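What follows is a set of notes on a single structure, which appears directly below.
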Amino acid sequence: MTSLAHDSSAMLGRQLQRLRHAPGVLILTQTMPITMLLFFGYVFGSALAMPGDQYRAYLVPGLLVATAAGGLMTGMFQAAQDSHRGVMDRLRTLPMSRAAVPVGQAAADLLTTALGMTALILVGLAVGWRAGDGVLGALGAFGLLMLLRLAATWTGLFLGLLTRSEEAAGQLGSATFILPLLSNAYIPTDNLPGWLRTIAEWNPISAVAAAVRDLCGNARPAADAAWPVAHPVAGSLAWCALLLVAFVPLAVRRYANSSR
């Protein structure tokens with residue numbers, strides 16, 4: 001365990017240095033939600049039944065959750081890049097824990113996301129969003145966002161190690177953009193057709209978005225929603241636990257075995 005912690009810390013430092021020298025993906029993933037907040041909040045908001053201020057208060061938590069879910073794309077791209085450029089082959093020659101590389105990547109992503117979300121939160125406050133249920137609720141919501149980011153990143157790391165090229169990882173990662181659209185991140189699901197509402201409410205993003213809104217006092221979950229959305233905190237924890245239990249060992253095993 002001590003060796004894993006030491007090796008993972010080294011990989012964390014490596015990943016942070018890598019982001020410092022090539023910040024393009026990080027900047028894109030952190031600034032896109034702000035652009036979407038301003039565009040959706042002031043353009044699409046006028047076309048919805050909600051008043052503009054109310055919709056922006058609804059939208060900010062959804063964009064925070066979409067940012068957290070973006071770990072799927074960044075984890076996939078970074079793992080594929082290291083794998084197909086031979087970086088992981090060189091790292092495997094070092095006397096270090098096989099789990100250290102993916103653990104370090106996940107830790108670095110979590111740290112940069114926590115810092116990067118600050119800008120979106122500040123813009124959200126500027127356009128009228130408030131966390132009205134106090135500090136504890138806001139901290140609980142932030143904890144769920146980080147848990148979702150961790151689960152999404154490990155899922156992306158495994159999928160990135162499965163891809164055959166960086167281009168394939170980029171195309172697959174871009175396709176994940178549709179996941180927040182099939183959720184309640186941007187619009188309420190109440191008026192969707194029955195089959196589409198079912199898909200949206202069983203999307204893990206919907207559970208976490210509903211939990212963040214509930215903990216921040218922005219909106220209460222609908223009683224007739226699917227179980228993960230009707231019980232959003234429990235649903236969020238269940239989804240994140242399921243993803244972590246499934247993909248952490250798969251990613252570590254894939255990294256350790258992909259050189260054979």
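Descending by average beta-carbon neighbour count within 10 Å, the peptides 75-85, 58-68 line up as 58-68, 75-85, the highest first.
Applied to region 72-83, the Karplus parametrisation 6.51 cos²θ - 1.76 cosθ + 1.60 on θ = phi - 60° returns per-residue 3J(HN,Hα) values of 4, 6, 5, x, 5, 5, 5, 5, 5, 5, 5, 5 Hz, with x for Gly and Pro. Judged by the mean number of other Cβ atoms found within 10 Å, the most tightly packed of the peptides 223-233, 97-107 leads the ranking 97-107, 223-233.
Using Cβ contacts closer than 10 Å as the measure, can you line up T176, T189, T153 from fewest to most? Let's see the in-between values first.
On the way: T176 18, T189 21, T153 32.
Placing the least packed residue first, the sequence is T176, T189, T153.
The angle between the Cα long axis of helix 2-21 and the main principal axis of the chain comes to about 70°, on a 0 to 90 degree scale. Semi-axes of the equivalent ellipsoid for region 58-140, computed as √(5λ) from the eigenvalues of its C-alpha gyration tensor and ordered from largest down, come to 35, 14, 9 Å. Legend: calculated FRET efficiency, R253 to W227, from the Cβ-Cβ distance at R0 = 30 Å, rounded to 0.05, equals 0.45. Net charge of the neighbourhood of M96, taken over other residues with C-beta under 13 Å away and scored Lys/Arg +1, Asp/Glu -1, is +3. With a simple spin-label model that places each label point 7 Å from the Cα along the Cα-to-Cβ direction, the separation between Q171 and D133 comes to 4.3 nm. Kindly express, to the nearest 10 degrees and within the range 0 to 90, the angle between helix 134-162's C-alpha long axis and the longest C-alpha principal axis of the chain. Orientation of helix 134-162: about 50 degrees from the principal axis. Around the Cα centre of the chain, unit charges on the Cβ atoms of Lys, Arg, Asp and Glu (plus for the first two, minus for the last two) sum to a dipole of about 720 debye. Cut-off 10 angstrom, C-alpha nodes, Gaussian network model of the chain. Which of R197, R149, R20 fluctuates the most? Greatest mean-square fluctuation among the candidates belongs to R20. Compare the Cα positions of L94, H84, A226 along the charge dipole of the chain (+1 at Cβ of Lys, Arg; -1 at Cβ of Asp, Glu; about the Cα centre) and return the one farthest towards the positive end. Going by the charge dipole, the pick is L94.
Taking the square roots of 5 times each eigenvalue of the Cα gyration tensor of the chain, largest first, gives ellipsoid semi-axes of 34, 18, 17 Å.
Values quoted throughout were computed directly from the atomic coordinates according to the rules given, and no laboratory measurement underlies them. What you see is a predicted model; the values in this text were computed from it and never measured. For neighbour counting, all protein chains shown are included, and Cβ atoms are generated from backbone atoms with ideal geometry for every residue, glycine included.
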